[in-house]
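So the structure is just underneath, and the comments pick up after that.
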Amino acid sequence: CTAMTFTQELIEKNLSVWQQCLDSPFLQQLGAGTLDEACFKGYIVDDSLYLREYAKVFAWGMTKAEDLEAIRTYYSLLSFVNEGEGATRLVYLNRYGLDDASIQHLPQRPENLAYTDCMVKAARDGQGAPECMMACLPCMVSYQWIFQRLLQQYPNVRQTPFWPLVRDYTSDAYEQACQSWLAYTDRICQDLDTERKAQCSEIFRECSLHELHFWEMSLQPRTDLP
């Protein structure tokens, strides 16, 4: 049988954490269409604040980039955040009478702040592109894994207000984008020594756990929204 790639190994090691994300009350209620919209509104706001910091991970990556391929990869990730996720997010903010400008003064909740601090630190202090990709991949790739399974579990989510979000992460285009980011990561990690691979694996693990904490946080509505 073919040996697993580095990213396949990472995903395999963290599937139990991603399964906990999928099983979280927030996502289960979202899939069933029973989630309190106050919780979802809080999630959209938190996600907006998260994505602002997430973009800084790519800024560090671009600063340290040693070739154009790295810059193109960060640009494609950033473009997806701005154009793909961003479009749906803005529709939801508008639904709740909010916009990006009106929420930028709001604080990140502790779980959100811990996550983005972890990512930015990994990209800032790491040696280069491998550490940067370890920081940003768990968010991107776990969303594909989670939402594909959520749609299988709850096909009627298509009839809920949450469908545009689910649709974004279950599209063929998103799957193809994830595959290209994973392939790029495997290429840049193939010659890493054992110690650096272990460090990269630890970043991936830590960020996967932060994903779980983010979903758990999202079950509590924010108390500072109109």
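Quick notes on this one:
- Zero-based 10 Å bins, Cα pair distances in the chain, whole percents: 8, 33, 38, 17, 3, 0
- Extents of the range 118-167, taken as max minus min of Cα coordinates on every principal axis and listed largest first, are 45, 17, 13 Å.
- Heavy-atom accessible area with a 1.4 Å probe sorts 142, 76, largest first, into 76, 142.
- Candidates 134, 62, 119, ranked by Gaussian network fluctuation over the chain, Cα under 10 Å, top entry: 62
- The magnitude of the dipole of the chain, with charges of +1 and -1 set on the Cβ of Lys/Arg and Asp/Glu and taken from the Cα centre, is near 340 debye.
- Share of carbon and sulfur in the accessible heavy-atom surface of the chain [1.4 Å probe, %]: 52 percent
- Cα-based reach from residue 56 at 18 Å (exclusive), listing lysines while leaving out same-chain residues under 8 positions away: 64, 121
- Average accessible surface for the range 67-170: 44 Å² per residue, computed with a 1.4 Å probe over protein heavy atoms with every protein chain in place.
- Segment residue 20-residue 176, extension gain: residue separation times 0.36 nm, minus the distance between their alpha carbons: 53.7 nm
- Charge dipole (Cα centre; +1 on Lys/Arg Cβ, -1 on Asp/Glu Cβ; no other charges) of the range 109-226 amounts to roughly 360 debye.
- Taking label points 7 Å from Cα along the Cα-to-Cβ direction, residue 187 and residue 91 give a separation of 3.3 nm.
The values are calculated or read from the model by the stated rules, or taken from the named source; none is laboratory data. The shown structure was predicted, so the numbers you read here are calculated from the model rather than taken from an experiment. When we count neighbours, we look across all protein chains shown, and the Cβ atoms used for this are built from the backbone with ideal geometry, even at glycine. Heads up: the accessible areas ignore ligands, DNA and RNA and are worked out on the full protein's heavy atoms, side chains in. Shrake-Rupley method; radii C 1.70, N 1.55, O 1.52, S 1.80 Å.
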